[in-house]
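First the structure, in the form of structure tokens, and then the observations on it.
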Amino acid sequence: MATRQISAAPRLRGALSVPGDKSISHRAVMFNAIAEGKAEITHFLPGADCLSTIACFRAMGVQIEQHADRVVVHGVGLRGLREPSDVLDCGNSGTTLRLMTGLLAGIDGMYAVLTGDASLRSRPQRRIVDPLRGLGATLDGRHQGALAPISVRGARLHGGHYALSIASAQVKSAVLLAALSGDGVMTVSGRIDGRDHTERMLAGMGIDIQTRGNVVTLTPPVHPVFPYALSLRVPGDPSSAAFWWVAAAIHPNAELTTMGVGMNPTRIGALEVLRAMGARVTVSNLRTEGSEPVADVTVASSSLTGTTIKGAIIPALIDEIPILAVAAAMATGQTVIADAAELKAKETDRIQTVVEALQAMGVRVEATADGMIIEGRGHLDATQVDSHGDHRLAMAWAVAALVARGEMHIAGSEAVDVSYPDFWRDIAAIAEQG
Ligand code: S3P
């Protein structure tokens with residue numbers, strides 16, 4: 001396990017091209033693997049999670065070339081995946097495990113076992129197992145299907161309806177993918193407000209998928225040319241850019257630009273919250289790349305005030321709560337985070353791990369059942385912290401170190417490889433220019 005030491009930087013300056021979006025990189029590989037034809041994906045995220053997805057599809061007979069952030073996928077078509085001869089290792093990646101379980105559950109003749117690291121094997125899977133069983137899928141797992149390894153016996157499903165009770169894009173996507181190779185229309189209603197990259201990308205591949213109000217409807221293709229291969233450039237990941245947005249906002253001498261970042265409204269709640277806290281944010285060069293909006297975002301030193309983060313915005317910033325908690329600790333006044341019980345189901349229990357680390361940095365912060373209450377203090381004391389193997393915690397504590405008093409020691413710093421392999425290079429680059 002690696003430990004990094006980081007101290008406050010006198011100045012933060014720079015323009016960064018953040019790595020490709022993790023959610024979109026996964027989907028670009030998965031959906032092109034079952035597409036007809038060859039696709040080239042550029043600005044792909046070569047992080048450990050997305051490499052797990054590539055390895056799983058290779059194990060099912062898909063030829064995938066990968067050189068750094070350029071990937072070529074030779075699609076095998078909707079019925080072309082081969083039964084894997086061994087268990088599929090999803091590593092640390094919930095998106096790999098949950099989306100693939102859905103996809104494979106609908107493929108006739110398929111048998112697969114999906115597993116992952118200790119963190120992934122402790123995360124809840126009933127959220128996908130129950131709806132997929134409801135559609136007629138044959139699945140099992142430890143604790144009656146609650147935990148991975150998950151076994152899947154694929155069968156052609158008949159579509160149907162599912163009402164989402166949690167705003168999980170992984171669950172929504174799993175159900176839609178199960179229906180893709182079926183023979184009936186699938187509708188998903190309820191909390192469909194999680195990220196919509198699956199809907200956008202499948203539509204871009206010629207699949208009949210529509211969202212009206214709070215219902216997504218997918219009609220499986222009858223013609224074998226669908227889905228067709230879709231070459232794309234993956235937008236920069238707003239969840240990675242958010243570390244630099246907060247770094248700039250909380251630092252007294254900073255101006256940072258993140259270039260080519262995805263501006264999908266289901267993903268940029270953090271930007272809205274930072275603005276509400278008083279951050280100086282400029283969004284420029286807004287354009288559309290493929291089926292996603294993209295822009296450059298500049299944030300400069302700001303005086304932040306506490307805020308309330310709850311309700312409908314939560315799914316659009318759920319992965320950014322660790323770094324927003326750092327912003328709140330550096331703000332004036334109290335910040336309340338509520339309606340975010342989903343934090344407990346992430347790579348770590350992020351209510352507990354975030355509260356513990358901020359307390360160690362001298363912040364008055366209290367865990368609640370569905371979030372936390374942070375008393376802004378305007379400064380942080382550097383200390384010993386641990387990523388607990390959670391990439392977003394390693395990066396949040398590194399950003400905290402840029403403004404903290406003393407030297408922060410971050411154990412488990414290699415966790416950044418999951419979503420931002422060049423994070424330590426980039427943080428050195430922006431701080432060095434000070
Ligand atoms: C993701 C959805 C979110 C998010 C995760 C990636 C996706 O999880 O936290 O990092 O790619 O669909 P949930 O679906 O559990 O909300």
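Give the number of residues within segment 276-287 that are under 14 Å from G306 (Cβ atoms) and either open to solvent by 10 Å² or more (accessible area, probe 1.4 Å) or basic (K, R) (or both).
3
Just to verify a result, which residue in segment 405-434, among those that are among the polar types (S, T, N, Q) and open to solvent by less than 10 Å² (accessible area, probe 1.4 Å), is nearest to P10 (Cα to Cα)? Walk me through how you get there before you give the answer.
First, pick out the residues of segment 405-434 that are among the polar types (S, T, N, Q): 413, 419, 433.
Applying the additional criterion that residues be open to solvent by less than 10 Å² (accessible area, probe 1.4 Å) yields 413, 419.
Details: S413: 22, S419: 27 Å.
Top of the filtered list is S413.
Out of curiosity, is G77 of a type in the set (G, A, S), open to solvent by less than 10 Å² (accessible area, probe 1.4 Å) and modelled with pLDDT of 95 or more?
Judged against the criteria, G77 is a match.
Does E289 fit the bill of being at pLDDT below 95, among the acidic types (D, E) and in the same structural domain as T335 (by TED's automatic domain parsing)?
yes
If I go through segment 321-362 residue by residue, how many of them are touching a residue at least 60 places away in the same chain (Cβ under 8 Å), within 15 Å of the ligand (Cβ to nearest atom) and small (G, A, S)?
Here the count works out to 1.
Could you tell me whether segment 136-146 includes any residue that is outside the structural domain of I268 (by TED's automatic domain parsing), in contact with a His (Cβ under 7 Å, 6 or more places away or on another chain) and not basic (K, R)? Steps first, please.
Taking segment 136-146 first, the residues outside the structural domain of I268 (by TED's automatic domain parsing) are 136-146.
When the remaining residues are screened for being in contact with a His (Cβ under 7 Å, 6 or more places away or on another chain), the result is 136.
Remaining after also requiring not basic (K, R): 136.
Yes, some residue in segment 136-146 is outside the structural domain of I268 (by TED's automatic domain parsing), in contact with a His (Cβ under 7 Å, 6 or more places away or on another chain) and not basic (K, R).
How many residues does segment 246-268 hold that are more than 21 Å from the chain's Cα centre (by Cα) and assigned to a loop (DSSP other than H, G, I, E, B)?
Number of matching residues: 3.
Does L12 fit the bill of being open to solvent by less than 10 Å² (accessible area, probe 1.4 Å), away from the ligand (no atom under 16 Å from the Cβ) and closer than 30 Å to A400 by Cα?
The answer is yes for L12.
Tell me the strands (runs of 3 or more DSSP E) entirely within segment 102-202 that contain at least 2 residues that are within 16 Å of the ligand (Cβ to nearest atom).
Details: elements: 111-115, 138-141, 147-153, 160-164, 186-190.
It comes to 147-153, 160-164, 186-190.
Within segment 20-48, which residues are part of a loop (DSSP other than H, G, I, E, B) and over 18 Å from the mean Cα position of the chain (by Cα)?
Initial filter on segment 20-48 (part of a loop (DSSP other than H, G, I, E, B)): 21, 34-35, 43-47.
Listed by number, the residues that qualify are I34, A35.
For I321, are the conditions met, namely being hydrophobic (A, V, I, L, M, F, W, C) and open to solvent by less than 30 Å² (accessible area, probe 1.4 Å)? Break it down stepwise before answering.
Numbers: hydrophobic (A, V, I, L, M, F, W, C): yes; open to solvent by less than 30 Å² (accessible area, probe 1.4 Å): yes.
Judged against the criteria, I321 is a match.
Identify, by number, the condition in (1) surrounded by 19 or more Cβ atoms within 10 Å (Cβ to Cβ); (2) under 30 Å from V222 (Cβ atoms); (3) of a type in the set (D, E) that E83 doesn't meet.
(1) is the only condition that E83 fails.
Got at least one residue in segment 47-60 being out of contact with any helix residue (DSSP H, G or I) (no Cβ under 9 Å at 6 or more places or on another chain) and surrounded by 19 or more Cβ atoms within 10 Å (Cβ to Cβ)?
Yes, segment 47-60 has at least one match.
The values are calculated or read from the model by the stated rules, or taken from the named source; none is laboratory data. Being a predicted model, the structure only gives us computed values, none of them experimental. When we count neighbours, we look across all protein chains shown, and the Cβ atoms used for this are built from the backbone with ideal geometry, even at glycine. Heads up: the accessible areas ignore ligands, DNA and RNA and are worked out on the full protein's heavy atoms, side chains in. Shrake-Rupley method; radii C 1.70, N 1.55, O 1.52, S 1.80 Å.
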